Every structure is written in structure tokens, then in C-alpha cells.
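J.: What follows is a structure written as C-alpha cells; I'll ask about it next.
Every number here is computed from the coordinates shown, using simple stated rules; none is lab data. Small disclaimer: the values here were computed from a predicted structure and weren't measured. Ideal geometry is used to build each Cβ from the backbone, glycine not excepted, and the neighbour counts take in all protein chains shown.
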Ligand code: DGY
């Protein structure tokens, strides 16, 4: 066991969610991330659902208090000032109350809402809350499919590595190399006061991603212009698959709430995205992110390569090929699922998204395998996740070679996955 890890129990996981609760929203971690993060909150809602249904709904509702007029739901909502994080509201310079960042994050919320709705112990309350949330979810998905897909290609544009939620994947190295850094923010960073530098992105990465923030500010945070003009424009395989699954879930939610018009609109998005996925397929058959500026597919296979299963977007033969890929990775890394291919030259088992295991990715990947009948693989991923938590506690991410805990501690979404996936006694 990592020396400072105390054994995790369900009670302990609940206590972490309660301790990170700031009243209607949950911080991912009290030190490293002291505000509300978008996809974190969607998973956190699933954790709350296991013991406090009203609180689970309020996590999603509070997230949508940050929604912009054009439908965008930002990746951070700065409900209250807090020290210890850079870039805070002043660095983003957006115009919203409460203050927010200017980019979005993988849209997990509709999938979370459907799950809360279906599992509700109080069905009437759930229906009322889902009904209020539905138009907001629709507006957000419409923003992805219209503002972020201006040519209606079926592939949505991601304009910032932080938007992918998988911040410093090798996928973003080439697109970021084309961005000329115009700022030096190394002295402003706060993350390195909480987490070791070897586990975090480099200064060069920060200078480039903050240059992108400056450029978007200069465009007045105009969504349509940013989608067309950003120096960083990629189709992130993660967002693409998570959105497709969330569209399917939104479609089901709309039908359950008898909103046929909404279901029909979502149905068109699903058809377009389903048809477009083939453009993310490399010659070796694997799915990858795409640099929309150069037309080049990413050099590495990452854990998102398995997410077309989660999106229910492939046939059985492709699912079998992904099962084989999983088995290859399993011979290289003791703990599944590394964030980057262990055979990739840039595989870095301790650095943010360049190798470590994330429980939320495991949860979605296992769901994908289970959905295609690979229940044995799904069980192995779940058991391995339980092993990571037993060994190292509720860490932000884990070393796939030996299960060492990395990044922040007492992490909300790790606690949520423990609860909703029932990982500990
Ligand atoms: C960070 O600050 O590292 C976050 O991942 C950005 O969302």
C-alpha cells in the first residue's frame, strides 16, 4: 500500500464527497481544483445518487448555472473565490455570472441525468428535475453540434487541450506545437505547489494553452469565431464518443419525458455522428483523434480508442478487435487501462494523461465492453480498479505498472466511481 493511503470503505468514499461538497457543487479536490469542474460533476452526481438523490440532481443543476446564452456549459464554474488555482476567473476574462472559464468539457451530464432518472427511488421528483434539465442539456448538445460543427460534418471541434479533459495527451503535441507561445505563465502556476512536477504538464504546455486562452479572449469569447479561427482545432476522440453516447442517452431521456420534438432533433445528431466516426479510423483499424487543421490523425492509440464501444458506435467485429487490443495492453501494464498505449514511445506512466490510469475512463471503457458482451474484460477492469483503490486510496490517477497513487488525493470522482461501481466493502 502507498505509505499514506488509508483503506477505503464505502463510508469513506461518502465522507470524501461530503467533505468536498461546497453546497450544491463538489470540488474535485480541495487543494488542486477548488471550483466546480464539468465532467467531474457528472460523475460525482452518480456517486451522490447512491446515498442522496436530491443532492445528486443539484450537482447537475448547479453546473448548469454556469451555462452560457449560446448553450455552452463551461469546464469550470467559479462559484466562489478560492486561492490555490491558476488560471482563475481573471485569467479567463469571460462575462458570466457566476464567473466561468471559456471552454467546455466532455459532455457526460446527459448520461448521468438518464441514469439518475432511471434509478430514481423518488420517481416523481426525478421526473420534475429531469424535465427542467432537459432543455438545458439539449441546448448544450446543440451548441456542440452547431457552433462546434459549423459545417455539420458530424465531427465536433475541440479548441483547447483542457476541453478534452485529457489535457496533455500525446495527441495534442503536434497541434500545440503549431501554437506560438506569447505568454510565460510558469511563475503563475499553482498546481506544482500541490503535486510533483513529474506528474503534471510542463511549463511549455502551460505557456501554449494560456496563449490559446489569450487568443480566445481577443475574439471576445465569440463561440462561432473561435470554432473557425482557433489555432488549436481538433476532433477529440474522447469528446466525440462521449457526446455520441450522451446523445443516445438524451434521446432516451427525451422519449421518457414524452418530448418527441427533442428526441427527433437528437436523432439527427446521432445519425450524423454515427456516419462520421469512420473518419477517425487509422489504417491499422484503431480510432484516433484528428487534427482538423492538418487533417492528420493522432500518432498514438489512447484509452479513448476503446470509447467507440461506450458510444455503441461499432459493429461486433470491431468490438472484437478492440478486445484484442485490450489484451495486448494487459500484457504490458499490470493495471488497466493506461491512458496512452504502453507501446507508444512517449508512454509516460506517471505523467498526467500520458500513461496513468483514471477510474472514470475505466468505468466508461468497462461499460463499453459489457455492452458488446465482453463481460469478462469488463469484470477485470472493475476488479483492477478496486485493486488500485485498495492499494493507493482515492487518488486522482494511478501508475499502470505498479498501482502507485498519483496527482491529487481524496478525489471526488474517484470516490464517486467507488460508490456507483461498488468497488469496496
Ligand atoms: C488543470 O488546471 O489542470 C485542469 O485540468 C484544467 O481543467
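J.: Given contacts defined as C-alpha pairs under 8 Å and at least six residues apart, what's the relative contact order of region 1-99, whole-number percent?
T.: Relative contact order here is 24 percent.
J.: Further, regarding this structure: Please say if region 326-395 is rounded, prolate or oblate, where rounded means a/c under 1.5 for a ≥ b ≥ c the square roots of the C-alpha gyration tensor eigenvalues, and otherwise the choice is prolate for a/b larger than b/c and oblate otherwise?
T.: Numbers: a/c = 1.88, a/b = 1.25, b/c = 1.50.
Verdict is oblate for region 326-395.
J.: Could you grab the relative contact order for region 362-407? Cα pairs under 8 Å, six or more apart, rounded to a whole percent. Before the final figure, lay out the partial values.
T.: Numbers: 41 pairs, mean separation 11.5, N = 46.
Relative contact order of region 362-407: 25 percent.
J.: Could you check the simple spin-label distance between residue 380 and residue 315, using points 7 Å along Cα→Cβ, in nm with one decimal?
T.: Modelled inter-label distance: 2.6 nm.
J.: Normalising by the residue count of the chain, find the relative contact order in percent from Cα pairs under 8 Å and 6+ residues apart. Present the calculation step by step, with values, prior to reporting the outcome.
T.: Numbers: 806 pairs, mean separation 84.2, N = 425.
Relative contact order, the chain: 20 percent.
J.: I would also like to ask the following. Quote the FRET efficiency, to the nearest 0.05, computed for residue 331 versus residue 151 with a Förster distance R0 of 35 Å and r equal to the Cβ-Cβ distance. Don't skip to the answer; put the middle values down first.
T.: Details: r = 42 Å, r/R0 = 1.19.
Efficiency, from the Cβ-Cβ distance: 0.25.
J.: Now for a different question. Would you mind ranking 364, 72 so that the residue whose beta carbon has the fewest other beta carbons within 10 Å leads the list?
T.: Working: 364 26, 72 22.
If I rank by nearby Cβ atoms, fewest first, I get 72, 364.
J.: Moving to a separate point now. Quick check: residue separation of residue 260 and residue 197 times 0.36 nm, minus the Cα distance between them. What number comes out in nm? Provide the component values of the computation, followed by the final result.
T.: On the way: separation 63, 0.36 × 63 = 22.68 nm, distance 5.07 nm.
Here the answer is 17.6 nm.
J.: In addition: 222 nm [θ] for the chain, helices only, -39500 (n - 2.57) per DSSP H run of 4+, per residue, to 500?
T.: Values: 17 runs with 204 residues, N = 425.
For the chain, the value works out to -15000 deg cm²/dmol.
J.: Report the gain in length on full extension from residue 22 to residue 82: 0.36 nm times residue separation, minus Cα-Cα distance, nm rounded to one decimal.
T.: Details: separation 60, 0.36 × 60 = 21.60 nm, distance 1.16 nm.
Gain on stretching residue 22 to residue 82: 20.4 nm.
J.: Here's something else I'd like to know. In whole Å, what is the distance between the alpha-carbon centres of region 119-142 and region 214-253?
T.: 22 Å
J.: Which peptide among 246-257, 214-225, 145-156 comes first, and what is the full order, when sorted by highest mean count of other Cβ atoms within 10 Å? Walk me through the intermediate numbers first.
T.: Values: 246-257: 21.8, 214-225: 15.6, 145-156: 18.4.
Top to bottom by mean Cβ count within 10 Å: 246-257, 145-156, 214-225.
J.: At R0 = 35 Å, how high is the FRET efficiency between residue 118 and residue 283 if r is their beta carbon distance? Nearest 0.05 is fine. Can you show the working numbers first?
T.: Values: r = 40 Å, r/R0 = 1.14.
Efficiency, rounded to the nearest 0.05: 0.30.
J.: Please say if the chain is rounded, prolate or oblate, where rounded means a/c under 1.5 for a ≥ b ≥ c the square roots of the C-alpha gyration tensor eigenvalues, and otherwise the choice is prolate for a/b larger than b/c and oblate otherwise? Display every interim value, and only then the final one.
T.: On the way: a/c = 1.07, a/b = 1.02, b/c = 1.05.
Verdict is rounded for the chain.
J.: Hey, another quick one. Cut-off is 10 Å between beta-carbons; in what order do 50, 305, 278 appear when sorted fewest neighbours first? List each step's numbers first, then the result.
T.: Working: 50 19, 305 27, 278 11.
Placing the least packed residue first, the sequence is 278, 50, 305.
J.: Compute the distance from the alpha-carbon center of region 292-342 to that of region 28-94, in whole Å.
T.: 29 Å
J.: Ok, one more. Simple spin-label model, 7 Å along Cα-to-Cβ: residue 271 to residue 343 in nm?
T.: 3.9 nm
J.: By average Cβ neighbour count within 10 Å, what is the ranking of 333-344, 104-115 from highest down? Can you show the working numbers first?
T.: Working: 333-344: 20.9, 104-115: 25.6.
The peptides rank, most packed first, as 104-115, 333-344.
J.: Testing the spin-label approximation: label points 7 Å from Cα along Cα→Cβ at residue 180 and residue 296. State their distance in nm.
T.: 1.9 nm
J.: What order do you get for 273, 320, 286 when you list them from fewest to most C-beta neighbours inside 10 Å? Please report the intermediate quantities before stating the final value.
T.: Working: 273 25, 320 14, 286 22.
Taking fewest neighbouring Cβ atoms as first place, the list is 320, 286, 273.
J.: Considering only C-alpha atoms, what is the centroid distance from region 151-203 to region 388-424, in Å?
T.: Cα centroid of region 151-203 versus Cα centroid of region 388-424: 23 Å apart.
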